[in-house]
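Here the structure is laid out as structure tokens; the discussion comes afterwards.
The values are calculated or read from the model by the stated rules, or taken from the named source; none is laboratory data. Computed from a prediction, not measured in an experiment: that's the story for all the values here. Reconstructed Cβ throughout: ideal geometry from the backbone, glycine too, with neighbour counts over all protein chains shown.
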Number of protein chains: 4
Amino acid sequence: MAGNKKELILDSAIKVMAEEGYYFTKMSWIADRAGIAVGTIYNYFSSKEEVLEEIFAREFKKRLDLLAELEESPELSVVSKLELFLVRHFEEIKKNPDLGNILVREKEFPKKEGSINQYLNQIPQSIKKLLEKGDEKGELEINKPELMAAIIFGSIQGVVEQAIKLENYEMLDDASDEIIRFVEMKAVK
Amino acid sequence: MAGNKKELILDSAIKVMAEEGYYFTKMSWIADRAGIAVGTIYNYFSSKEEVLEEIFAREFKKRLDLLAELEESPELSVVSKLELFLVRHFEEIKKNPDLGNILVREKEFPKKEGSINQYLNQIPQSIKKLLEKGDEKGELEINKPELMAAIIFGSIQGVVEQAIKLENYEMLDDASDEIIRFVEMKAVK
Amino acid sequence: MAGNKKELILDSAIKVMAEEGYYFTKMSWIADRAGIAVGTIYNYFSSKEEVLEEIFAREFKKRLDLLAELEESPELSVVSKLELFLVRHFEEIKKNPDLGNILVREKEFPKKEGSINQYLNQIPQSIKKLLEKGDEKGELEINKPELMAAIIFGSIQGVVEQAIKLENYEMLDDASDEIIRFVEMKAVK
Amino acid sequence: MAGNKKELILDSAIKVMAEEGYYFTKMSWIADRAGIAVGTIYNYFSSKEEVLEEIFAREFKKRLDLLAELEESPELSVVSKLELFLVRHFEEIKKNPDLGNILVREKEFPKKEGSINQYLNQIPQSIKKLLEKGDEKGELEINKPELMAAIIFGSIQGVVEQAIKLENYEMLDDASDEIIRFVEMKAVK
DNA sequence: AATGAATGAGGGTTCATTCAT
DNA sequence: TATGAATGAACCCTCATTCAT
């Protein structure tokens, strides 16, 4: 039951924040949309920032769990791993574009190491590690893994951003293919 | 003199906003950093939002002017045009990373058609047009220009974001090469 | 409870505005006087202007309701109606001179049709209608009802203004008699 | 020349204040309307309040001078004196309704004994004295001179207020007759 | 656990006034 | 004298958070 209420609040927060952006979002709007009182939110979250953090935490946990799982699949090539990751990510975004909107747009909280930054930084890092593993294994030839990771991560974000802005969600279906093609350029033949 | 003061304010605003993010930035901090009174800012800008808009307007004007100029150079291939654009953009960011920080991070102002959104939307659009031109001219084979533009724009943003976050500005030197290589995959041989 | 808090704020506002005038009145003074926080005022009123409007609205409603009630009393002569109105009005002012002070002094908000102007304009209009009715019924002979209404309304305001300024509240007891005597000059014998 | 500039500023101030009201009037608007710089105003007036005070001072000086002059005319009856005063006052208002607007509307500056209050209080006082003189001389029978003065002063203000609000300036031509008729009620036959 | 009225620190903005030119 | 950019104190209003019920 308690879990349900927290879910309810998060769903409501995602909708409002996707529409208005984190800073314009008022706690009272989240409450209204959820059909509860403002005070109730504070029984489940200690602050507005924590609501956003929880959203990021959950979504990033999904991605990072998937990445960890893929990590431990020796039968898969690095490129396949990346592909599986992309496919799944874009599927999730397609299921809930509001979420994608938030994930892609909220970049504030400068300095503060905690907050959402901790999550945002992990994906490019994981991609970088993946690419380095590919290089070590002789699958790929990556000279500048940090740069490549930046490009790949950027591509992912860019696709989500445009898909939502243009309301062209089909773009998400083709995106992994296209990005993977880019990585395959680096494949050692 | 007047131009100087406006410049002074913008420089100060760029520094503060890069450090703190637009929403955390206080008008009084911009004034302090510029060594002037808060009221003075309002002699040059009508609101905090307008300060950010001016920053975006100026930087995007530079980019869009360059794109327009390249447009009218029939001797250049589409790929070369894109390359020149990228090289110049990354050079500018390297000269003033604070600016890059802001350009890449501020994505709020949802809905509001005016504000910074008008600028943010123009670059992917211009890239898309460039790609379509390349397709028409038989230089490139682009099936989904919108997707490709999203990926390229995303890559650019991703590189700037990571370069700044990791304080690895050399990344910016190699980024255009790498991104162009991706576009060249689409070249018709 | 809620009604009480609104009342509390209005009472406080009346006192402060009577002492200081609307423009000098600070929201924080109203709050202090009411023993509440500034923010609380905004749970009941959307702006400082709305506080003043509510004061006017309430007082004018009382007057206009009375006028409407008198309107529907065919047994009363027009002069008697006017007299009853004056007596009641001056009684009210005597009970709460602070209120009278505000009602008589605040005339700003130029142009703006909403705001307090809508109320201020209604009394002379009602008086004019009353005089015209008297003329029609053959009770009075009024050639210039607009002028007469202006004089009567001005007299009322003038009496309240001086009574408060000179702190001579007895003046209010005699005022209706004197003003009515003036109207009776117009009585058809 | 200097006198001219001061005149220019006052004329401009009257127009702006009549349109906007004292509190909404910005010093810069007065300057703009006068075709001069804001700073220049401060060469002739020490503050915004002083501009308003000067307007009141001048107009009230005219009235008080007239009253003083009438005072020393033993051949005139009190009623005639009052009539001459009213006629002149309404004539002036008709010549410059903007001025009337200000004179009638600005009542703020509570407490502060200086400011415009000093002027506003003098007219009812003078009227009261005039009435008392009439009583002494056996011309009039006035039991409550303070009340009568309040009514007469209120009438004057009310007429000006309505004439301006309704843009019915003809009202001003008939007003003195009507008000005098009221005073004549008190005449000893 | 749920409520929502109360809180009050905080910040963007205004604008009368100043003063160097 | 005239200018008008610079000043900065002042204030309305917002809204995340609290807490008594």
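Being crowded, with 17+ Cβ neighbours inside 10 Å and closer than 16 Å to A:ILE180 by Cα: is that true of A:LYS144 here? For A:LYS144, the condition - crowded, with 17+ Cβ neighbours inside 10 Å and closer than 16 Å to A:ILE180 by Cα - is not met. Evaluation of D:SER115 against the conditions (1) part of a helix (DSSP H, G or I); (2) of a type in the set (S, T, N, Q); (3) more than 9 Å from chain C (Cβ to nearest Cβ) shows that the sole unmet condition is (1). Among residues of the stretch D:115-128 that are of a type in the set (S, T, N, Q), those with a beta-carbon under 6 Å from a residue that is crowded, with 19+ Cβ neighbours inside 10 Å and modelled with pLDDT of 90 or more at least six positions away or on a different chain give the pairs D:SER126/D:LEU67. Determine if the stretch B:90-108 includes at least one residue that is touching a Gly at 6+ places or on another chain (Cβ under 9 Å), among the hydrophobic types (A, V, I, L, M, F, W, C) and more than 20 Å from B:ALA163 (Cα to Cα). Checking the stretch B:90-108: not a single residue is touching a Gly at 6+ places or on another chain (Cβ under 9 Å), among the hydrophobic types (A, V, I, L, M, F, W, C) and more than 20 Å from B:ALA163 (Cα to Cα).
Comparison of B:ASP98, B:ASP32 shows that the only residue that is surrounded by 14 or more Cβ atoms within 10 Å (Cβ to Cβ), in the same structural domain as B:ASP174 (by TED's automatic domain parsing) and either at pLDDT 90 or above or within 17 Å of the chain's Cα centre (by Cα) (or both) is B:ASP98.
The set of residues in the stretch B:11-64 being acidic (Asp, Glu) and either closer than 26 Å to B:PHE85 by Cα or away from DNA strand E (no atom under 13 Å from the Cβ) (or both) consists of B:ASP11, B:GLU19, B:GLU53, B:GLU54, B:GLU59.
Just to be sure before I move on: is D:SER73 polar (S, T, N, Q) and more than 16 Å from DNA strand E (Cβ to nearest atom) in the structure I sent? Against the criterion (polar (S, T, N, Q) and more than 16 Å from DNA strand E (Cβ to nearest atom)), D:SER73 qualifies. Here B:VAL104 fits the description: in contact (Cβ under 8 Å) with a residue 40 or more places away in the chain, within 11 Å of chain A (Cβ to nearest Cβ) and out of contact with any strand residue (DSSP E or B) (no Cβ under 8 Å at 6 or more places or on another chain). Condition check for B:GLU83 on (1) more than 16 Å from DNA strand E (Cβ to nearest atom); (2) closer than 21 Å to B:GLN118 by Cα; (3) of a type outside the set (S, T, N, Q): one failure, at (2).
Listed here are the residues, each with its yes/no results for (1) among the basic types (Lys, Arg); (2) crowded, with 21+ Cβ neighbours inside 10 Å; (3) within 30 Å of C:THR25 (Cα to Cα).
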position	(1), (2), (3)
D:MET27	no, no, yes
D:PHE45	no, no, yes
D:LYS62	yes, no, no
D:ASP65	no, no, no
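On inspection, A:VAL78 fails the criterion of being buried (at least 18 other Cβ atoms within 10 Å of the Cβ) and under 12 Å from the mean Cα position of the chain (by Cα).
Evaluate the stretch A:3-11: report whether one residue or more is under 26 Å from C:ASN43 (Cα atoms) and outside any helix (DSSP H, G or I). No, the conditions are met nowhere in the stretch A:3-11.
Taking C:LEU131, is it touching a residue at least 24 places away in the same chain (Cβ under 8 Å) and either of a type in the set (A, V, I, L, M) or under 20 Å from C:ASP174 (Cα atoms) (or both)? Here the answer is yes, as C:LEU131 does meet what is asked. The stretch C:15-89 holds helices (runs of 4 or more DSSP H) entirely within its bounds, and those carrying 1 or more residues that are more than 10 Å from DNA strand F (Cβ to nearest atom), touching a residue at least 24 places away in the same chain (Cβ under 8 Å) and more than 14 Å from every other protein chain (Cβ to nearest Cβ) map to C:27-34, C:48-71.
Applying the condition of being of a type outside the set (A, V, I, L, M, F, W, C) and within 10 Å of chain D (Cβ to nearest Cβ) to the stretch C:164-181 and asking which residue is nearest to C:VAL104 (Cα to Cα) yields C:LYS165. So is D:GLU108 crowded, with 17+ Cβ neighbours inside 10 Å, part of a loop (DSSP other than H, G, I, E, B) and under 17 Å from the mean Cα position of the chain (by Cα) or not? In short, yes. When the stretch C:142-163 is examined, which residues are found to be more than 7 Å from chain D (Cβ to nearest Cβ) and not in a helix (DSSP H, G or I)? Matches in the stretch C:142-163: C:ILE142, C:ASN143.
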